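Engineer: Got a structure for you, written out below as structure tokens; questions coming shortly.
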Amino acid sequence: MESIQIPASQPPSAVKNVAKATARFAALIGVSPVLLSYWVNSALLGRGRALESRSQLLSLWPGLSGQYLRRAFLHQVLARCHPTVLVEWGTIFSQTGAMLDENVYVGPRCGLGLVHLQKNVLLASNVQIPSGGATHFFDDPDVPIREQGGQRKLVTIGEGAWIGTGAIVLADVGRGTIVGAGSVVTKPLPEYAIAAGVPARVIRPRFEKAIDG
């Protein structure tokens, strides 16, 4: 089967950087009505619910303009959202404590809760990272699960990690680690590993030096 080689990305030129800065400013102006409604609803309903509804709205905007509008909004409302972050359409955020660092890529139709995506993290499409694995308690058989409360915990995806399509991540992922498509991460994964499965297990280190310690 014939394959297509994808070249490594090159640093942007000075002209391109200026164009991007201009586009970011225009996006901030364009998204200002959504931001205004977000702050009003935050006062009435709480920041989490306001974020979720506005991120749903902005997730519907396709193409490059949608990327800029989402980033402009998230930069204002999340704990941290770097100007180089790219969030594709269909992605929903639910927690304002989320942090997105430099050059993070979030693919289409992801669902993100209380998460820290460190520098150069890649999320493929349909990745789900809720706020840990105990968002709902279920110990009391006489009380509906929806009434038993839960616990939100920050899930950290380490620098340069790559999370495959459809993965569900409930625990921390180490720096440079690859999580296979469709995997379910229930326990923390070490750095520079390749992990897959349900639940996800380390298949092998990415590099030989990782074996030597």
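Engineer: Please identify, among 172, 139, 101, the residue showing maximal mean-square fluctuation in a Gaussian network model of the chain using a 10 angstrom Cα cutoff.
Structural biologist: In this elastic network of the chain, the residue with the biggest mean-square fluctuation among 172, 139, 101 is 139.
Engineer: To continue, here is another question. Can you give the helix-only mean residue ellipticity at 222 nm for the chain, where every DSSP H stretch with n ≥ 4 adds -39500 (n - 2.57) and the sum goes over all residues, rounded to the nearest 500 deg cm²/dmol? Don't skip to the end; give the middle numbers.
Structural biologist: Values: 4 runs with 65 residues, N = 213.
Counting only the DSSP helices, I get -10000 deg cm²/dmol.
Engineer: Can you compute the FRET efficiency between residue 146 and residue 187 using 1/(1 + (r/R0)^6), with r the Cβ-Cβ distance and R0 = 25 Å? Round to the nearest 0.05. Mind showing how you got there, number by number?
Structural biologist: Values: r = 26 Å, r/R0 = 1.05.
Efficiency, rounded to the nearest 0.05: 0.45.
Engineer: Select from the chain the helices, each a whole stretch of DSSP H, whose alpha-carbon atoms run 27 Å or more along the helix axis and whose Kyte-Doolittle mean is at least -0.5; answer none if there are none. List each step's numbers first, then the result.
Structural biologist: Details: long enough: 14-45 (44 Å, 1.04).
Result, helices passing both filters: 14-45.
Engineer: Determine the per residue accessible area of the stretch 56-213 with all protein chains present and a 1.4 angstrom probe, expressed in square angstrom. Numbers along the way, then the final one.
Structural biologist: Numbers: 8020 Å² over 158 residues.
Value for the stretch 56-213: 51 Å² per residue.
Engineer: Give the separation of the Cα centroids, the stretch 18-73 to the stretch 147-213, in Å.
Structural biologist: 30
Engineer: Still on this structure, please answer the following. Amide H neighbours of residue 84 under 5 Å, at least 5 residues apart or on other chains, H built in the peptide plane: list them.
Structural biologist: Excluding prolines and chain starts, which carry no amide H, the hits are 103.
Engineer: Could I ask something else about it? What's the tally of Lys pairs in the chain whose alpha-carbon atoms lie under 29 angstrom apart, where the two lysines are 8 or more places apart or on different chains?
Structural biologist: Eligible lysine pairs with Cα atoms under 29 Å apart amount to 7.
Engineer: Calculate the FRET efficiency for residue 53 and residue 208 from the Cβ-Cβ distance with a Förster distance of 35 Å, rounded to the nearest 0.05.
Structural biologist: With a Förster radius of 35 Å, E is 0.15.
Engineer: Additional query: What Rg and what Dmax come out for the chain when only alpha-carbon atoms are used, in angstroms?
Structural biologist: Rg then Dmax for the chain, in Å: 18.6, 64.
The values are calculated or read from the model by the stated rules, or taken from the named source; none is laboratory data. Treat the numbers as computed from the prediction; the structure is a model and nothing was measured. Positions of Cβ are generated from backbone atoms using ideal geometry, with glycine treated the same way; all protein chains shown enter the neighbour counts. To get the accessible areas, we keep the full protein, side chains included, count just its heavy atoms, and leave off ligands, DNA and RNA. Shrake-Rupley method; radii C 1.70, N 1.55, O 1.52, S 1.80 Å.
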